Amino acid sequence: MSQLDIFGGESDSIESNLNNEIKYILNGEYVLFPNFFSKSESDIYFKILQNSIFWKQESMNMYGKRIDFPRLTAWYGDNEKPYSFSGITL
């Protein structure tokens with residue numbers, strides 16, 4: 001699978017079936033609109049998301065140690081439908 005240029009594409013959209021690109025995904029599709037927002041609009045929306053979402057540093061137990069995930073996460077979902085993995089319930 002080649003890397004797509006998300007800011008300089010010529011077409012209006014790019015569609016792909018993930019089955020052909022990533023062998024371990026069972027199914028899925030995506031549509032990429034390369035120029036949906038301008039670079040300046042994208043920067044504005046990104047900054048809004050950075051500042052308005054409650055980001056959290058999650059961690060998990062691995063080999064008897066508490067390890068921080070190498071990314072910040074934000075979880076949204078129904079309270080009555082918890083999701084658990086690596087000893088964490090969201």
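The values are calculated or read from the model by the stated rules, or taken from the named source; none is laboratory data. The shown structure was predicted, so the numbers you read here are calculated from the model rather than taken from an experiment. Note: ideal-geometry Cβ built from the backbone for every residue, glycine included; neighbour counts use all protein chains shown. The accessibility values were calculated without ligands, DNA or RNA, using every heavy atom of the protein model including side chains. Shrake-Rupley method; radii C 1.70, N 1.55, O 1.52, S 1.80 Å.
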From the residues in region 61-87 that are touching a strand residue (DSSP E or B) at 6+ places or on another chain (Cβ under 6 Å) and touching a residue at least 24 places away in the same chain (Cβ under 8 Å), which one is least open to solvent (accessible area, probe 1.4 Å)?
SER86
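Are any residues in region 15-43 part of a helix (DSSP H, G or I) and either open to solvent by less than 100 Å² (accessible area, probe 1.4 Å) or at pLDDT below 90 (or both), and if so, which ones? Spell out the reasoning first.
From region 15-43, those part of a helix (DSSP H, G or I) are 18-20, 39-43; that's our starting set.
Within region 15-43, LEU18, ASN19, ASN20, SER40, GLU41, SER42, ASP43 meet the criteria.
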